[in-house]
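The values are calculated or read from the model by the stated rules, or taken from the named source; none is laboratory data. From a predicted model like this one, the values you see are computed outputs, not experimental measurements. Cβ: placed from backbone, ideal geometry, glycine included. Neighbour counts: every protein chain shown.
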Amino acid sequence: MRSSHASVTVVLTHIDTISMPERDVIAQDLRRLLSERGVGEAEVFAVSSTTGEGMRTLIKHLTREAERVARQASRARAALREASRLLGESLELTGTIRGLETDGLAADLAGTAADLAGAPIIAEAVADSTLRAGRRAGGWLPLRWLARTGADPLRRLHLDDESRAEGATTPTLPTRSASDEAAFVNAVRGIVGERAQGRPARWRAALVERALSGAREVPDAAHREVAQHIRVSTGAPALCRVLGGAQLLAWLGVVVGVAWIVLVHLGRAVLIDVRVPALGPIPLPTALAALCLLITVLCACTSRALARWAASRRRRTVMRDLRGLCRDAVDRLVVAPLRSEDNRQVTIASFLARLPL
């Protein structure tokens, strides 16, 4: 029992089984106990269901209390309706407020964060390095030396195998600038503002602000994630190496064919008649050299096509992996605070929608 109770009614039953002096003593003790517990103004009724004594008075009292509670409940409902209306007008709530779609938000922003962390530069370096390695392993032999000129793009970023072997595990990524933070903040502001359409202006601004509270840290966090966890594939594709070996065998056939032709002409120069087999109208040495030369060209072209395919595939893989690394930072710093604010707003809107009921 507490003094905050609006109304307390105490009923003593079976009073027909005790005498009047005993009733008085019990009533005094009860009043004292009620006062000690802060409900000294409680109504006390003594009744007997056997004789009917006091029942009519108790019924009248309970009827009055029920009417009073009903009036209070009606006034409370009216006050709640008015409060709901006023809150709705002050918050500019119109219609049903549903939770934001945040499932693809981290993925959308991770692409922007990865770009700021240098993902396109790294992906392009991986692709160029793959093409370069493919030309070294399977390029046309007379032009293969060109692939060894210039610096390896991955070497400049400290992402090649040699740099890793030397212990340079931290890649050299593009330098961050103040414009990186501004670019990402603008991207977050635009995406969140677009998804928060339909919210009151004050709530929409609160959503954007919560998202921006962590968005300013994302470029640095994404840069650290990429620098610490990036792993890229290097070297020529295995098929390019196989084709490079096949090309060497074909070049051996070219050398054999050319040497055969030279020996035949040298023999004829000293009047030695050398009989040369032929494939139809074409001498066999000439056919061998031409066929093997054609094979070298085909191997080089096939190797180039495979290197381009591998470079494109590795480029996509690097972009996907780097976006995955950046997505963790975006989810932690942007999406999580945004979801928290969104849940708060939806809870308030749901509560206000239930008030009139």
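Run down 69, 25, 10, 44 and say which single residue is over 60 Å from the mean Cα position of the chain (by Cα) and assigned to a helix (DSSP H, G or I). Give the steps one after another, and end with the answer.
Details: 69 fails: over 60 Å from the mean Cα position of the chain (by Cα); 10 fails: assigned to a helix (DSSP H, G or I); 44 fails: assigned to a helix (DSSP H, G or I).
Within the list 69, 25, 10, 44, the selection yields 25.
All but one of (1) closer than 30 Å to residue 98 by Cα; (2) in a loop (DSSP other than H, G, I, E, B) hold for residue 202; which doesn't?
Every listed condition holds for residue 202 apart from (2).
Here are the criteria: (1) within 20 Å of residue 139 (Cβ to Cβ); (2) in a loop (DSSP other than H, G, I, E, B). Tell me which single one residue 298 does not satisfy.
For residue 298, the exception is condition (2).
Based on what the data block shows, is residue 286 among the hydroxyl-bearing types (Ser, Thr, Tyr), touching a residue at least 60 places away in the same chain (Cβ under 8 Å) and assigned to a helix (DSSP H, G or I)? Spell out the reasoning first.
Details: among the hydroxyl-bearing types (Ser, Thr, Tyr): yes; touching a residue at least 60 places away in the same chain (Cβ under 8 Å): no; assigned to a helix (DSSP H, G or I): yes.
Judged against the criteria, residue 286 is not a match.
What do you reckon, is residue 146 at pLDDT 80 or above, over 32 Å from the mean Cα position of the chain (by Cα) and either among the acidic types (Asp, Glu) or in a helix (DSSP H, G or I) (or both)?
Values: at pLDDT 80 or above: yes; over 32 Å from the mean Cα position of the chain (by Cα): yes; either among the acidic types (Asp, Glu) or in a helix (DSSP H, G or I) (or both): yes.
Yes; evaluated as a whole, the condition is true for this residue.
Would you check if there is a residue in region 305-328 being at pLDDT below 90, closer than 30 Å to residue 195 by Cβ, assigned to a helix (DSSP H, G or I) and among the small types (Gly, Ala, Ser)?
Yes, some residue in region 305-328 is at pLDDT below 90, closer than 30 Å to residue 195 by Cβ, assigned to a helix (DSSP H, G or I) and among the small types (Gly, Ala, Ser).
Among (1) more than 25 Å from residue 311 (Cβ to Cβ); (2) within 18 Å of the chain's Cα centre (by Cα), there is one condition residue 197 misses while meeting the rest; what is its number?
(2)
Rundown of residues vs (1) outside any helix (DSSP H, G or I); (2) modelled with pLDDT of 80 or more; (3) surrounded by fewer than 17 Cβ atoms within 10 Å (Cβ to Cβ); (4) touching a Phe, Trp or Tyr at 6+ places or on another chain (Cβ under 9 Å), yes/no style:
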residue: 208; (1), (2), (3), (4): no, yes, no, no
residue: 221; (1), (2), (3), (4): no, no, no, no
residue: 224; (1), (2), (3), (4): no, no, yes, no
residue: 236; (1), (2), (3), (4): yes, yes, no, no
residue: 242; (1), (2), (3), (4): no, yes, yes, no
residue: 260; (1), (2), (3), (4): no, yes, no, no
residue: 273; (1), (2), (3), (4): yes, no, yes, no
residue: 292; (1), (2), (3), (4): no, yes, no, yes
